[in-house]
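Values in this text are rule-based calculations from the coordinates and carry no lab data. None of these values were measured; they are calculated from a predicted model. Heads up, the Cβs are rebuilt from the backbone with ideal geometry, glycines too, and the neighbour counts pull from every protein chain shown.
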Amino acid sequence: MDAMDYGHSATPRALATEAVHAGREDLASLGLHAPPIDLSTTYPSYDARAEAARIDEFATTGARLDGPPVYARLDNPTVARFEEALARLEGAEAAVAFASGMAALTAVLLARASQGLRHVVAVRPLYGCSDHLLDAGLLGTEVTWTDPAGVAEAIRPDTGLVMVESPANPTLAEADIRALAHSCGSVPLLVDNTFATPVLQRPVEQGARIVLHSATKYLGGHGDVMGGVVACDEEFARTLRQVRFATGGVLHPLAGYLLLRGLSTLPVRVRAASGTAAELVRRLATDPRIARVHYPKIGGAMIAFEVYGDPHDVIAGVRLITPAVSLGSVDTLIQHPASISHRIVAEGDRRSSGVSDRLLRMSVGLEDVEDLWRDLTWALSAPPAAPLRAAAPAGSHGAAAGRPVAVPRPAGL
Ligand SMILES: *Cc1c(COP(=O)(O)O)cnc(C)c1O
């Protein structure tokens, strides 16, 4: 069997293999090894009649055009490689990429609303901004919040979507996706799979019809690219492409390139960071300073824990770990959801969905576990209000630029 035949083989390839080959099968025949980046915003054609026919076809079907895209808001060959690869990893027919996770969710909601289905049933907690987008009805949708057991009952004739995150941001609560998909009947279930990634969970195999990612997180994986993507069947992908064309939330081709590159190391990154996270969870679980540890059964590199002390002191006390929102990067990040990622959610809704004021969320990266533990255990014992920034003496460049001032640590901690 030669290399070209292999791509069309019926034999399913392992995830690790797809991660480095999907979306790249034609490269050798193009005489290339790295995927080309196509930055064109427009594509010349001397045949306006043919272009008109192609535009008509896209407008009526939303199918990807054969040949050049006409205009970059329709499609982009570099982004299409990322879409193809992500669809393959999720076991979905298609994927459509957007400028961010929120742009992706916006497109899904608009696509359903355009079909007259403006009601959404959603399970809390969700990422703070997803919660806000639904709760504020910014796109003219209406939401019913429920727990997984109440989904079937909450569905109405105008329900266009059931939405869940599993594991959820930030509590890492898990839903039984298969049971939930069953409760949805004919209404599509959207699973935000940002935290698990297809390495740990493939919601389509469990009955979800729509899988959403903030590609900004694990798919990109290095904290330097923003994007979103929806994996789904080709029929819904067509509607999403039409919405993307009309509303313009496109992914930039450079971001598409970086996301495709990120996918190639996704399995190794997620597995390595998950191993470290599991070890940190084991240590935190018996630590007297920790009231409660949250870690999903499926594993992963996200952990959350509630402290007896002041969570702000922990944030102020880390030095190796970066105190910052977001997640899924090669380095470890920690943040306080009640102050940052879920700040926009009303306090009562936040608390009732399990987001305690003492909860900290940590995205475990690829550092050595002992170095991380040393930093974390130091931060957990940090004296109240550890001085992060010194007052700037006149002319002191470092402090004026807001550089943290190192706090001396006891040896061996
Ligand atoms: C970050 C995040 C989003 C939003 O994605 P952006 O790329 O920041 O727009 C959506 N869902 C989850 C679970 C997230 O963590």
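Computed quantities for the displayed model
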{"quantity": "Rh by Kirkwood over Cα pairs, then Stokes-Einstein D for region 21-99 at 0.692 mPa s and 37 °C, µm²/s", "calculated": "236 µm²/s"}
{"quantity": "For peptides 355-361, 186-192, 244-250, sequence by mean Cβ density within 10 Å, most packed first", "calculated": "186-192, 355-361, 244-250"}
{"quantity": "For region 203-244: span of alpha carbons on each principal axis (Å, largest first)", "calculated": "32, 27, 9"}
{"quantity": "Label-to-label distance, nm, for residues given as residue 15 and residue 178 (7 Å Cα→Cβ offset)", "calculated": "1.7 nm"}
{"quantity": "Contour minus Cα-Cα distance for residue 114 and residue 369 (0.36 nm per residue)", "calculated": "86.9 nm"}
{"quantity": "³J(HN,Hα), Karplus 6.51/-1.76/1.60, whole Hz, each residue of region 267-284, x for Gly, Pro", "calculated": "x, 5, 5, 5, 5, 5, 5, 5, x, 5, 4, 4, 5, 4, 4, 4, 6, 5"}
{"quantity": "Amide hydrogen neighbours beyond the local backbone of residue 163, cut-off 5 Å, H modeled", "calculated": "121, 122, 123, 190"}
{"quantity": "Ranked 286, 78, criterion: other C-beta atoms within 10 Å, fewest first", "calculated": "286, 78"}
{"quantity": "Rough spin-label spacing in nm, given labels placed 7 Å along Cα→Cβ, for residue 352 and residue 25", "calculated": "5.0 nm"}
{"quantity": "For region 233-294 versus region 115-177, the gap between their alpha-carbon centres in whole angstrom", "calculated": "20 Å"}
{"quantity": "CD proxy at 222 nm, helix term only [per DSSP H run n ≥ 4: -39500 (n - 2.57); per residue of the chain; nearest 500]", "calculated": "-11000 deg cm²/dmol"}
{"quantity": "Values of log10 I(q)/I(0), in the order q = 0.07 Å⁻¹, for the chain under a Debye, Cα-only, solvent-free model", "calculated": "-0.37"}
{"quantity": "Net length gained if the chain between residue 37 and residue 71 were fully extended (0.36 nm per residue, minus Cα distance)", "calculated": "10.7 nm"}
{"quantity": "Cβ crowding within 10 Å averaged over residues, with 203-213, 129-139, 159-169, 54-64 ranked highest first", "calculated": "159-169, 203-213, 129-139, 54-64"}
{"quantity": "Exposure proxy order (Cβ contacts within 10 Å, fewest to most) of 303, 340", "calculated": "340, 303"}
{"quantity": "Two-decimal Rg/Rh across region 268-381, once Rg and the Kirkwood Rh are taken from alpha-carbon atoms", "calculated": "0.94"}
{"quantity": "Extended-chain gain in nm, criterion 0.36 nm per residue less alpha-carbon gap, residue 381 and residue 331", "calculated": "15.8 nm"}
{"quantity": "Per residue convex hull volume, Cα atoms of region 25-164, in Å³", "calculated": "154 Å³"}
{"quantity": "Nearest 10 degrees, 0 to 90: helix 101-113 Cα axis against the chain principal axis", "calculated": "50 degrees"}
{"quantity": "Exposure proxy order (Cβ contacts within 10 Å, fewest to most) of 378, 373", "calculated": "373, 378"}
